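K.L.:
Take a look at this one; I'll ask things after.
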Amino acid sequence: MPWSRIGLETPSMGATETSPDRLIPVFDLEVTSEDLDAVAETLRSGWLTMGPRTLEFETKFAQSLGSQYAVAVSSCTAALHLAYLAAGIGVGDEVIVPSYTMAATAAAIVHAGGTPVFADIVSPALPMVDPSHVEGLITPRTKAVVAMHFGGYAAAVEELADLCARCGLVLIEDAAHSPLATVGGRRLGTFGLAGVFSFFSNKVLAAGEGGLLATDDADVAASARSRRSHAMTRGSWDRHQGGPEHYDVPALGFNYRIDEPRAALLLSRLRRLEDDVEHRRVLTRRYRRLLQDVPGLIIPFGDDAVATSSCYVMPVMLEDPSRQGDLRVALREQHRVQTSLFYPAVHEFTAYRARYPGVSLPMTELAARSEITLPLFSHMSETDQDRVVGALAQELQA
Ligand SMILES: Cc1ncc(COP(=O)(O)O)c(C=O)c1O
């Protein structure tokens, strides 16, 4: 089946695929004819808001994850907000969260009324939240702990689950990066009270925008389902199917609904997710092999972790953080290689510094200043990978 490419618009669009001038994007989205057909068929159906395709996607995603319930929503940020609310987070409650994450992990705690308490990571080589630091931050006000699986590599989620069980805390997993990733044979996103996923356009399973909350807890699922659609006791699809017209609103909800075209796109892409993730693993192993000879780099996580990761991004850490800025400029300007930063530290952003002053997290700050995210997407060519590694080696040896 021929691939229909919907790539990033880059200044060099029009150059041939192999042109050395072509910008290698940090991620790229490929859309197949099956994807297009699924969306077109949905548009033709005339039913665009949440309905049967959403339900089918939730069922298939829950099956692939091994969770009891899946609630599809408009974004992972919405899923995080619903997860914190369902966990009972409110005013006065502290939630221990990594700062080495995307800001949404923490922002949603504040939107729920709680207070984020930032924990450090182990090291730039192991950029996952440090369970011993988490334990030291627990106070009588602590209600929950968040595990974020950076890049689709498992956080110390079993250890954190044990800690939460011992201390009577709720564990929430931010599995935005982690569809199909596992630890000990169990899927990430299934260890906590709820696990949340992102379908933003650069993600492993991408639909432009979208998210999902997975849980084995019937009350959490019911709370998320209700709040995603204004807490109305009956939705439009039910009424369209002939259910009673009357509905009540017993709580305060939101419009966090996903829609049918995106659910159809997700269903179509879910069918090849295993293959996509396997390609990412092959490319990640190849990156790691090629990069081991490049001086001045720390490659996070171990080679063994690749087989169970979703390999969402390819992070490298610079031994000399002072080179982060100019190296990224040189890669872009001289080698036409786009990079990204996963992540600036959340506690150092203006909004967080103002609200929660005085936070110091040495390992997070070092990782944030050292990291460069290299291009990685499931259909990336080896030629492009060689170009990225060659450019990095040339600049680091300069
Ligand atoms: C770790 C993490 N959590 C949450 C989010 C928020 O996801 P969304 O953009 O779907 O709201 C992201 C998105 O980049 C993320 O990387």
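The values are calculated or read from the model by the stated rules, or taken from the named source; none is laboratory data. Computed from a prediction, not measured in an experiment: that's the story for all the values here. Positions of Cβ are generated from backbone atoms using ideal geometry, with glycine treated the same way; all protein chains shown enter the neighbour counts. Accessible surface is based on the protein model in full, side chains and every heavy atom, while ligands, DNA and RNA are left aside. Shrake-Rupley method; radii C 1.70, N 1.55, O 1.52, S 1.80 Å.
K.L.:
May I ask you to compute the full-extension gain from THR59 to ARG286, defined as 0.36 nm times their residue separation minus their alpha-carbon distance, rounded to one decimal in nm?
P.N.:
Here the answer is 78.3 nm.
K.L.:
While we're here: Placing unit charges on C-beta atoms (Lys and Arg positive, Asp and Glu negative, everything else neutral), compute the dipole magnitude of the chain about its Cα centre in debye, rounded to 20.
P.N.:
500 debye
K.L.:
So the label point goes 7 Å from the Cα of CYS167 along Cα→C-beta, right? Which residues of segment 109-131 then have their backbone N under 13 Å from it?
P.N.:
Only 117-120, 130-131 pass the distance filter.
K.L.:
Follow-up. Can you give the FRET efficiency for ILE298 and GLU333, using 1/(1 + (r/R0)^6), R0 = 25 Å, r = Cβ-Cβ distance, to the nearest 0.05? If you can, show how the numbers build up before the last one.
P.N.:
Values: r = 25 Å, r/R0 = 0.98.
According to the calculation, E is roughly 0.55.
K.L.:
Could you give the nm distance between label points at ASP386 and GLU274, where each point is 7 Å from its Cα heading toward the beta carbon?
P.N.:
Here the modelled spin labels are 3.2 nm apart.
K.L.:
How big is the Rg/Rh ratio for segment 262-306, C-alpha atoms only, Rh by Kirkwood, two decimals?
P.N.:
Radius of gyration relative to Kirkwood radius: 1.19.
K.L.:
If you roll a 1.4 Å probe over the heavy atoms of the protein chains, what accessible area per residue do you get for the chain, in Å²?
P.N.:
Each residue of the chain exposes 42 Å² on average to a 1.4 Å probe.
K.L.:
Compute the distance from the alpha-carbon center of segment 296-334 to that of segment 69-131, in whole Å.
P.N.:
Centre-to-centre distance over Cα atoms comes out at 25 Å.
K.L.:
If you roll a 1.4 Å probe over the chain with all protein chains in place, what percent of the accessible area is carbon or sulfur? Working shown, then result.
P.N.:
Numbers: 8850 of 16690 Å².
That fraction is 53 percent.
K.L.:
What list of ³J(HN,Hα) couplings, whole Hz, do you get for segment 109-120 from phi and the Karplus terms 6.51, -1.76, 1.60, once you set θ to phi - 60° and write x for glycine and proline?
P.N.:
Along segment 109-120, the couplings run 5, 5, 4, 7, x, x, 10, x, 10, 7, 10, 7 Hz.
K.L.:
Relative contact order (percent) for the chain, with alpha-carbon contacts under 8 angstrom and 6 or more residues of separation? The partial results should precede the final answer.
P.N.:
Details: 834 pairs, mean separation 83.2, N = 398.
Relative contact order here is 21 percent.
K.L.:
Only helical DSSP H runs with n ≥ 4 go in: add -39500 (n - 2.57) per run for the chain, normalise by residue count and round the 222 nm mean residue ellipticity to 500 deg cm²/dmol.
P.N.:
One gets -11500 deg cm²/dmol as the mean residue ellipticity at 222 nm.
K.L.:
How would you rank 69-82, 334-347, highest first, on the average number of other Cβ atoms within 10 Å across their residues?
P.N.:
Top of the packing list down: 69-82, 334-347.
K.L.:
Non-local amide H neighbours of VAL31 (under 5 Å, H modeled in plane, Pro and chain starts lacking H): which ones?
P.N.:
SER4, ILE6
K.L.:
Among VAL282, ALA214, GLY242, which residue has its Cα positioned farthest towards the positive end of the charge dipole of segment 210-302, with +1 placed on the Cβ of Lys and Arg, -1 on the Cβ of Asp and Glu, and the dipole taken about the Cα centre?
P.N.:
It is VAL282, whose Cα lies furthest towards the positive end.
K.L.:
On full extension of the chain, what length is gained from ARG353 through TRP47, given 0.36 nm per residue of separation minus the C-alpha to C-alpha distance?
P.N.:
Gain on extension, ARG353 to TRP47, equals 105.7 nm.
K.L.:
So for the chain, what are the equivalent ellipsoid semi-axes in whole Å, largest first, each being the square root of 5 times an eigenvalue of the Cα gyration tensor?
P.N.:
Rounded to whole Å, the semi-axes are 34, 29, 17.
K.L.:
Let me ask another. Of PRO295, TYR312, ALA367, which is farthest along the charge dipole of segment 244-398 in the positive direction, counting Lys and Arg as +1 and Asp and Glu as -1 at C-beta?
P.N.:
The residue sitting most towards the positive pole is PRO295.
K.L.:
Let me ask something else about it. Sorted from largest to smallest, which semi-axis lengths in Å does the alpha carbon gyration tensor of segment 212-357 give for its equivalent ellipsoid, taking the root of 5 times each eigenvalue?
P.N.:
Sorted largest first and rounded, they come to 44, 23, 15 Å.
K.L.:
Another one. May I ask for the distance between the Cα centers of segment 228-278 and segment 375-393, given as a whole number of Å?
P.N.:
Computed from Cα coordinates, the inter-centre distance equals 38 Å.
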